[in-house]
Protein chains: 4
Amino acid sequence: MTHTVRDKQRLLARVRRIRGQVEAIERALESEASCEKVMHLLAGMRGATAGLMAQIVEDHVLTHLVDAEKHPGALNEDAAEQLLEVVRTYLK
Amino acid sequence: MTHTVRDKQRLLARVRRIRGQVEAIERALESEASCEKVMHLLAGMRGATAGLMAQIVEDHVLTHLVDAEKHPGALNEDAAEQLLEVVRTYLK
Amino acid sequence: MTHTVRDKQRLLARVRRIRGQVEAIERALESEASCEKVMHLLAGMRGATAGLMAQIVEDHVLTHLVDAEKHPGALNEDAAEQLLEVVRTYLK
Amino acid sequence: MTHTVRDKQRLLARVRRIRGQVEAIERALESEASCEKVMHLLAGMRGATAGLMAQIVEDHVLTHLVDAEKHPGALNEDAAEQLLEVVRTYLK
């Protein structure tokens, strides 16, 4: 995932937190925790997953849509930021 | 909305269909239609709204992220298509 | 929509606001407003649509799932509230 | 999670599949797989998470909203099914 080498540690930290949340849901189900608790854990994990996807999409847009070495300055940064605002809104 | 001049009629057709769906919801509420009917109408209108947003995002990505006159060929089309697949999945 | 007679005016006010938002999007497209503006208007309208659906689902849960005249007190209000919290989270 | 004792194994199977999907994403990030691959894995995991939430909400509605021992027959099954259709649509 070349566009995230730079951000690899940050993405890995996010995905490991999500793994911890999934494990907490598994434990809650095994121990027959209340339905309310399971739904809360699941909603939290879904939010974290959306955040990870938003991060990956952001890296993708900023790094992959234009090869900055071949075409320096070609990416319209304002237009990219507008796109990412929409993505973040929809991934919440 | 310069990036959609080409697609302006198509976008207007979509938004007018959505307006018709909103008006149908208004009439359903006024005539005290069943809750089930109102929820179905609303789900349909939400789908159409997501489709409009996906279309606008697609036009934005393909037209605005790179000024094709100044930087011909700078937009990586495969990367753009991968992005749009994600957007479509999340906007369903 | 018997379960919303009581709330009919409130729901109609919501749907009329959405209609106004759709009309603003139509005008923005017709006048070739910036893509950014159209995306913002559309995101606002989507939020209002989600709010309307959340309201209708809430009315449905509180009024239709149990016939309160035949089965007074049968609806578990805590469980209903937990359900509605999840619905609101997902409809944001 | 008393309302899912019956379905406990089914829910655990779902959550374990999600854990496997998260682990696959972690491995993909560690091995610097393509961005496209990571986005596909993440979209699949998001779909599975939505399916788990829909299942839990369904169990919650059918088991917790009405205490069937104290109030047999009080839950309006048609109204519950209409609600669950909406939930499934929005959780896709």
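The values are calculated or read from the model by the stated rules, or taken from the named source; none is laboratory data. Bear in mind the structure is a predicted one, so any value in this text is a computation, not a measurement. Here the Cβ positions follow ideal geometry from the backbone for every residue, glycine too, while neighbour counts run over all protein chains shown. To get the accessible areas, we keep the full protein, side chains included, count just its heavy atoms, and leave off ligands, DNA and RNA. Shrake-Rupley method; radii C 1.70, N 1.55, O 1.52, S 1.80 Å.
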> Which ones in the stretch D:24-35 are part of a helix (DSSP H, G or I), open to solvent by 60 Å² or more (accessible area, probe 1.4 Å) and among the acidic types (Asp, Glu)?
Replying inline: D:Glu30
>> Give all pairs with beta carbons closer than 6 Å in which a residue from the stretch A:68-83 that is more than 11 Å from B:His64 (Cβ to Cβ) and at the interface with another protein chain (Cβ under 8 Å from one of its Cβ atoms) meets a residue that is outside any loop (DSSP other than H, G, I, E, B) and of a type outside the set (Ser, Thr, Tyr); count only pairs at least 6 apart in sequence or on separate chains.
In response: A:Ala74/A:Val66; A:Ala74/B:Val66
>> Is it the case, given these coordinates, that C:Val38 is part of a helix (DSSP H, G or I) and open to solvent by 10 Å² or more (accessible area, probe 1.4 Å)?
In response: no
> In the stretch C:49-74, how many are farther than 13 Å from D:Ala79 by Cα and outside any helix (DSSP H, G or I)?
Replying inline: 7
> What pairs come up if the first residue lies in the stretch B:15-39 and is closer than 13 Å to C:His60 by Cβ, the second is part of a helix (DSSP H, G or I) and of a type in the set (S, T, N, Q), and their beta carbons are under 6 Å apart, counting only those six or more places apart or on different chains?
Replying inline: B:Glu36/D:Gln82
> What is the one condition in (1) of a type in the set (A, V, I, L, M, F, W, C); (2) buried (at least 17 other Cβ atoms within 10 Å of the Cβ); (3) more than 22 Å from B:Lys37 (Cβ to Cβ) that C:Leu11 does not satisfy?
Replying inline: (3)
> Could you count how many residues in the stretch B:43-63 are farther than 13 Å from B:Arg10 by Cα, surrounded by 22 or more Cβ atoms within 10 Å (Cβ to Cβ) and out of contact with any Lys or Arg (no Cβ under 7 Å at 6 or more places or on another chain)?
Replying inline: 4
>> Please verify whether B:Ala43 is small (Gly, Ala, Ser) and modelled with pLDDT of 95 or more, treating the condition exactly as stated.
In response: no
